[in-house]
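Remarks on the structure that follows.
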Amino acid sequence: MKAKVNLENKTILVTGSPGFIGANLVLRLIKELSEGLIISFDNMNDYYDPALKWHRLEQIRKAAEEKQTVKHIFVEGDLADRELLHSVFEQFQPAVVVNLAAQAGVRYSITNPDAYIQSNLIGFYNILEECRHSYDDGRCGVEHLVYASSSSVYGGNTKVPFSTDDRVDNPVSLYAATKKSNELLAHAYSKLYSIPSTGLRFFTVYGPAGRPDMAYFGFTNKLLAGETIKIFNYGNCRRDFTYVDDIVEGVLRVMQGAPEKQTGEDGLPLPPYAVYNIGGGQPENLMDFVEILSEELVRAGVLPEDFDFEAHRELVPMQPGDVPVTYADSEALQRDYGFTPSIDLCTGLRAFAEWYKDYYEV
Ligand SMILES: NC(=O)c1ccc[n+]([C@@H]2O[C@H](COP(=O)([O-])OP(=O)(O)OC[C@H]3O[C@@H](n4cnc5c(N)ncnc54)[C@H](O)[C@@H]3O)[C@@H](O)[C@H]2O)c1
């Protein structure tokens, strides 16, 4: 059962909002809400070109300026900075918190583990502590904490589709281990302090102004530069790609329905805690994906019609931390929130290719 969370006229904290998913979420919130205050929080780190983050933030600023009735404030800071985060919670007292800020990426966690511990563990712990203390002195506090987990928690799971009922105790990357830890920490805090929390396992999110470290974006950069792209596991990988608008729709619906506070048979409170997959449920073979991407890049005019793809691709073995398949079982999301992602790869990659052409003035 879900407790309805009305987002109208509320203060909503979105961390990581100049990031890819966050920016799309905040733009949608500005569009949908009649009134409210949205606080964006991000350290604008240079894991990938920060110009893209400032560009997304500018879009948010413009949208809020046009809308007028939905205010937007940006706080530049680090989740690991406990004092700063505390002052943000004290000053703005958010009713809903969406924690998207994190060090993302599987491969980077092999060479830069510190970033993951700082942002994903210490940062997330700080968010939980602030949620916990938001109820101090009889205050209403946080009505719903929604946070990003990842399909990476499924590791080398061979049973498909991946269900939130599957055991996920065997992470194959530090990134995955931090995301699974977030779910465990959230469970403990939900149980101890009755914080309604929902974790969302996103499956390979893509779209315009996406993350340059992700395959579809990196492939595009390389092909445009005349370089060769590496296709891992000799192309025998299947990914459940999810278009960013589908992710935003899912997050928006989830934000409005928090796990209900209930009492267990032992008379103690049950944790108002839930975890969902958000994924397309239609895994695509990597080779087919590359083919669709190539077609859309040519169609958008990013690459010439006679571009020789065969000559610009190399089939290579699997990378450490990678998994052969991701495949979301989204039944629970459909059951509880009436939603399953549906935007197909052609439509999504077309939007990406067109955006890429405009943004980089190809
Ligand atoms: N994009 C995907 O395919 C995908 C898949 C699964 C999970 N996720 C998760 O979804 C969330 C959003 O992902 P995204 O693709 O938008 O990534 P993103 O990197 O574009 O956005 C994350 C934002 O968080 C900020 N950030 C990182 N560490 C911070 C810190 N310590 N303090 C403050 N800000 C910090 C970054 O500057 C960035 O703007 C992340 O938690 C990510 O792990 C994404």
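Structural remarks
- Label-to-label distance, nm, for residues given as Lys230 and Asp213 (7 Å Cα→Cβ offset): 1.6 nm
- Rounded to whole numbers, the Karplus 3J(HN,Hα) couplings from phi for region 170-187 are 10, x, 10, 8, 5, 3, 4, 5, 5, 5, 5, 4, 4, 5, 5, 4, 4, 4 Hz, using 6.51 cos²θ - 1.76 cosθ + 1.60 with θ = phi - 60°, and x at Gly and Pro.
- Amide H partners (placed H, <5 Å) of Phe74, local residues excluded: Ser40
- Assuming charge only on the beta carbon of Lys and Arg (+1) and of Asp and Glu (-1), the dipole of the chain about its Cα centre is about 560 debye to the nearest 20.
- Model label zone, Glu58; criterion: amide N under 13 Å from point 7 Å along Cα-to-beta-carbon; scope region 185-221: none
- Kirkwood radius and radius of gyration were both taken over the C-alpha atoms of the chain, and their ratio Rg/Rh is 0.96.
- Compared with the alpha-carbon gap, the fully stretched path from Leu184 to Asn6 is longer by 61.4 nm at 0.36 nm per residue.
- Only Cα pairs under 8 Å and 6+ residues apart enter the sum, and on that basis the relative contact order of region 110-184 stands at 37 percent.
- Segment Lys222..Thr263, full-extension length gain: 9.2 nm, with 0.36 nm per residue of separation and the alpha-carbon distance subtracted.
- The antiparallel fraction among DSSP beta bridges confined to the chain stands at about 15%.
- Table column - 3J(HN,Hα) (Hz), region 330-336, Karplus curve with 6.51, -1.76, 1.60, x for Gly and Pro: 9, 4, 5, 5, 5, 4, 8
- Using the Cβ-Cβ distance between Tyr360 and Met287 with R0 set to 30 Å, the FRET efficiency works out to roughly 0.70.
- Distant-in-sequence amide contacts of Cys237, defined by a placed amide H-H separation under 5 Å and a gap of 5 or more residues or a different chain, comprise Leu286, Met287.
- Exposed loop sites were defined as chymotrypsin sites (Phe, Trp or Tyr not before Pro) in DSSP loop states (anything but H, G, I, E or B) carrying at most 14 other C-beta atoms within 10 Å; in the chain the longest segment without such a site runs 136-359.
- Where GluC sites (Glu not before Pro) fall in DSSP loop in region 21-120, at most 13 other Cβ within 10 Å: Glu35
- Sequence-ordered 3J(HN,Hα) estimates for region 17-26 from the Karplus curve with 6.51, -1.76 and 1.60 and θ = phi - 60° stand at 7, x, x, 4, 5, x, 4, 5, 5, 5 Hz, glycine and proline given as x.
- Amide H partners (placed H, <5 Å) of Arg201, local residues excluded: Ser149, Tyr276, Asn277, Ile278
Read-outs: derived from the displayed coordinates by stated rules, not from any lab. None of these values were measured; they are calculated from a predicted model. Glycine gets a Cβ as well: all are built from the backbone with ideal geometry, and neighbour counts include every protein chain shown.
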